[in-house]
Amino acid sequence: MIHLSNLTKRQGVRTLYENANFHIRPGDRIGLVGPNGAGKTTIFRLITGEDQADVGTISINPNAVVGYFSQDVGDMRGRTALEEVKAGAGRVYELGSIIAAAEQRLAESEENPLSDDEMTTLMERYGDAQLEFQQRGGYDLDARAKAVLTGLGIGPDDHHRAVEDFSGGWKMRIALARILTLNPDVLLMDEPTNHLDIESIVWLEQWLAAFKGAILMTSHDREFMNRLVSRVVEIANKAITMYSGNYDFYLREREVRREQLLAAHKRQADMLAKEEDFIAKFAARASHAAQVQSRVKKLDKIERIEIPPEAKTIYFQFATPPRSGNDVVRLNDLEKVWERDDGKTKRVFSGVSGTVRRLDKIAVTGVNGAGKSTLLKTIIGQTEPTGGTLALGASVNVGYFSQHALDVLNPNQTVFDCVSQRLPDASIGYVRNLLGAFLFSGDDIEKKIGVLSGGEKSRVALALILASPVNFLILDEPTNHLDIESREVLLRAVQEFDGTVMLVSHDRHFLRQIVNRVFEIRDGEMRSYDGSYDYYLEKTNQVV
C-alpha cells in the first residue's frame, strides 16, 4: 500500500538515511526503532506529506485511508470530547453533517417551502449522502467513538466535557481516540502508549490486535511492541534495515548480524593485508609487474566492509546506601480524604495497613484514579493523612521521583553542574561516570537543562536520586518520557540498588523484572500480594 523507494533525507548537513527502501503491506504490523534523532518521526512526516524527501519516491495507494497519531495534538477547542473524536472520522463526519443539514432544511420546508427543483436537488443530495454514510459505517460512528473513548479511560461522564477542560495528557488520549475511530487502512502511531495507564494500554493492545489494517508505530514500551509487531524497521547509521519478528527477535538478530559482519570484516581485512603485502613485496620487480597491477585493480574494485559504531552501554556501580531498619514503613488504618472545590469530600482510600520491609521491591497498582500517587505522597510527607498513622523506620533516607521533579531542575544549569552541585564532595571523574551511566557523555554534559527533552530531564532527575545516599526509593512513573535504552539503564540501576523500592509504573516489562511484592489499591482499600508481578496477575485473574 505504501512504498518508500531509494529514499534519501537530510537535516542540514546531517544525512538521516540514504538510498533506503521499505514498504508497508496490507495487514503489516511494523515497529519502527532507532536511536533518538535517527529520523523515526521524519518517516511518518514523509508518508503524510508534512515533509519531503531529498531523493527518492513515496507512493501510496490512492484509495488507502492513512491515519496518523503524533505527540503534537494541536489546539483542541470548541467541541466536546465525543464530537472531537467523531470529527476525526473525516468523510464520515462530513456526510453526517450533510445529512443533518438536509434534515434540518426539510423540517423547515413547511414554513419556508422549497421549489420543485430545489426539493429534487436536496433529496438527491440527501439520498447520496445517506447511502455513502451507510457504506462507510457512519450509523455506528457514535457508538464506536464512545467505545474508544471509554476504552482509553475517558468514561461516559466525560464524553460531553469541552476538550479545552482536559489536561495535556488526556488530550493525547482524545487525539488517539480520533485516529482509532477513523479506522484507517494504514495506522501510523508515534508513541501511542505515552500518558496511558496499564488498563488503557491493555485495551489498546486488544483493539490493535483485532484491527484489520496495517500498523507502523514507534513505542518505548517493550512489551507492547513484542505483543503487536511482526516486523521491525531499524533506522540507524544512515540506513533502514528490516527484521522479520518482534522486538526481542530484533535484538537477538541484530547481534547475530553484527557478529557476522565483524567476522566478514576480519576475513576481508586478512585478505586485504595479504594482497597489500604481495603488492609491497613485488612492486619493484619487473617480473611481477602484471601480477601486481592485477591485484591493485582487484583491490580498487573491492567494496570495503564498514563496521557501524556500536551503541554505548555504560555500566556504573552505585555506592552502597546506608542500611535502614528492617521495617522501612508501617501503615496502620491509613485514610485519605480530599475536599473538593464544591465543598464535598472524596474518599481516596481508608483502612490501609501494611509494612514495607527492607529490600522490598513493591509495585503499587490500581486503576487510574485509585490513589496510587496519593499513597506515595502520603508516605513521603507531601500530603497529610486524614486518618490512621504512618511511621518511617530507623535510619530511613527517602529519595522520591515524580514527573514534577523535572520542574524543579534549574533550566540555566548545565547537566554537569546540576549533578555536581548535588554531590559537592564527588570528584569530576565520579560525576562524569555517573552521567555516562545515564547516557550523557561528551558534549552532552555541557547542555543546559532548559534545552533537554523530557526523557533527558528524567534521566538527570533519576541520576540525582540514585547518586544520593538514600536507602528507600519511591518512584512515580519513572519511565515516562524514557526510550527503551534509557529504561534498560534505569532497570539495571534499580535491580542492583541495595535498598528498598516502591514504585508506580505502567511499564509491565519493568515491573516484571523488578517487583517481589504488590500493593493493590482497589475500591479504596489496599491488598498485599507477596510475590512477583506475574504472581499478582495470576491471583487477581488479570490478563496484562
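Every number in this text was worked out from the coordinates using simple rules, so none of it is lab data. Note that the coordinates shown come from a computational prediction; the quantities given were computed from them, not determined experimentally. All Cβ positions, even for glycine, are placed from backbone atoms using ideal geometry, and neighbour counts span all protein chains on display.
Between M271 and E525, what is 0.36 nm times their sequence separation minus the Cα-Cα distance? Round to one decimal in nm.
Result: 84.4 nm gained on full extension.
Which distance in nm do the two modelled labels at K301 and E111 give, with both placed 7 Å along the Cα-to-Cβ direction?
8.9 nm
Relative contact order for the stretch 353-482: what is it in percent, counting Cα pairs under 8 Å that are at least 6 residues apart?
For the stretch 353-482, the relative contact order is 34 percent.
Using helices alone, what [θ] at 222 nm do you get for the chain, with -39,500 (n - 2.57) per DSSP H run of 4 or more residues, divided over all residues and rounded to the nearest 500?
Value at 222 nm, helices only, nearest 500: -12500 deg cm²/dmol.
Looking at the calculated P(r) for the stretch 250-301, what percent of the C-alpha pair distances fall above 18 Å?
48 percent
Rg/Rh for the stretch 327-539: what does it come to with C-alpha atoms and Rh from Kirkwood?
So for the stretch 327-539, dividing Rg by the Kirkwood Rh gives 0.99.
Kindly state, to the nearest 0.05, the FRET efficiency for E50 paired with K281, given R0 = 51 Å and r defined as their beta-carbon distance.
0.30
Please report the relative contact order for the chain, taking Cα pairs under 8 Å with a sequence separation of at least 6, and give it as a percent rounded to a whole number.
14 percent
Report the convex hull volume per residue for the stretch 195-292, counting only C-alpha atoms, in Å³.
139 Å³
Can you find, among T479, S453, V501, the residue farthest towards the positive end of the dipole of the stretch 433-523? Put +1 on the C-beta of Lys and Arg, -1 on that of Asp and Glu.
Farthest towards the positive pole: V501.
Listing E111, E223 from the residue with the fewest other Cβ atoms within 10 Å to the one with the most, what is the order?
On the way: E111 6, E223 20.
Least to most surrounded, the residues fall as E111, E223.
Which is farthest toward the positive dipole end of the chain among S353, A290, M225, measuring Cα position about the Cα centre, with Cβ charges +1 (Lys, Arg) and -1 (Asp, Glu)?
Value computed over the given set: A290.
Excluding residues fewer than 8 places away in the same chain, name every one of the lysines whose C-alpha is closer than 27 Å to that of K266.
Straight-line reach from K266, under 27 Å: K238, K274, K281, K297, K298, K301, K312.
Let me spell out the model: positive unit charges on the Cβ of Lys and Arg, negative unit charges on the Cβ of Asp and Glu, origin at the Cα centre of the chain. What dipole size does that give, in debye rounded to 20?
Taking the Cα centre of the chain as origin, the dipole is about 2640 debye.
Between T150 and S468, what is the FRET efficiency for a Förster distance of 35 Å, r being their Cβ-Cβ separation, to the nearest 0.05?
Efficiency at R0 = 35 Å is approximately 0.25.
Between their Cα atoms, which of K9/K86; K212/K539; K344/K377 are more than 31 Å away from each other?
Cα-Cα > 31 Å for K9/K86; K212/K539; rest within.
Listed highest first by mean packing, meaning other Cβ atoms within 10 Å per residue, what order do 371-379, 402-410, 280-288 come in?
Numbers: 371-379: 22.0, 402-410: 14.6, 280-288: 10.9.
Descending mean neighbour count gives 371-379, 402-410, 280-288.
For each of L141, L188, count neighbouring Cβ atoms within 10 Å of the residue's Cβ, then give the residues from fewest to most.
L141, L188
Extension gain R10-A209, at 0.36 nm per residue separation less the Cα-Cα distance, in nm?
On the way: separation 199, 0.36 × 199 = 71.64 nm, distance 3.48 nm.
Gain on extension, R10 to A209, equals 68.2 nm.
State whether the stretch 226-272 is rounded, prolate or oblate according to the following rule on the C-alpha gyration tensor (a ≥ b ≥ c being the square roots of its eigenvalues): a/c under 1.5 gives rounded; otherwise a/b larger than b/c gives prolate, and the remaining case gives oblate.
prolate
How high is the relative contact order of the stretch 116-222, given as a whole-number percent (alpha carbon pairs under 8 Å, six or more residues apart)?
Numbers: 68 pairs, mean separation 28.1, N = 107.
In percent, rounded to a whole number, it is 26.
Which Rg and Dmax, in Å, describe the Cα atoms of the stretch 444-544?
When restricted to Cα atoms, the stretch 444-544 yields Rg and Dmax of 15.4, 49 Å.
Where does the charge balance sit around T383 when Lys and Arg score +1, Asp and Glu -1, over other residues with C-beta under 10 Å from its C-beta?
+1
With r as the distance between the Cβ atoms of T414 and D327 and R0 = 45 Å, compute the FRET efficiency 1/(1 + (r/R0)^6) and round to 0.05. Walk me through the numbers on the way to the answer.
Details: r = 41 Å, r/R0 = 0.90.
Rounded to the nearest 0.05, the efficiency is 0.65.
Applying the Karplus parametrisation 6.51 cos²θ - 1.76 cosθ + 1.60 with θ = phi - 60° to the phi angles of the stretch 98-113, what ³J(HN,Hα) value in whole Hz is obtained for each residue in order, glycine and proline being reported as x?
Values, residue by residue: 5, 5, 4, 5, 5, 5, 4, 5, 5, 5, 7, 5, 5, 8, 10, x Hz.
Over the Cα atoms of the chain, what Rg and Dmax result, in angstrom?
Spelled out, the Cα radius of gyration and Dmax of the chain are 29.2, 110 Å.
Just order 358-367, 415-424 by mean Cβ neighbour count inside 10 Å, highest at the front, would you?
Top of the packing list down: 358-367, 415-424.
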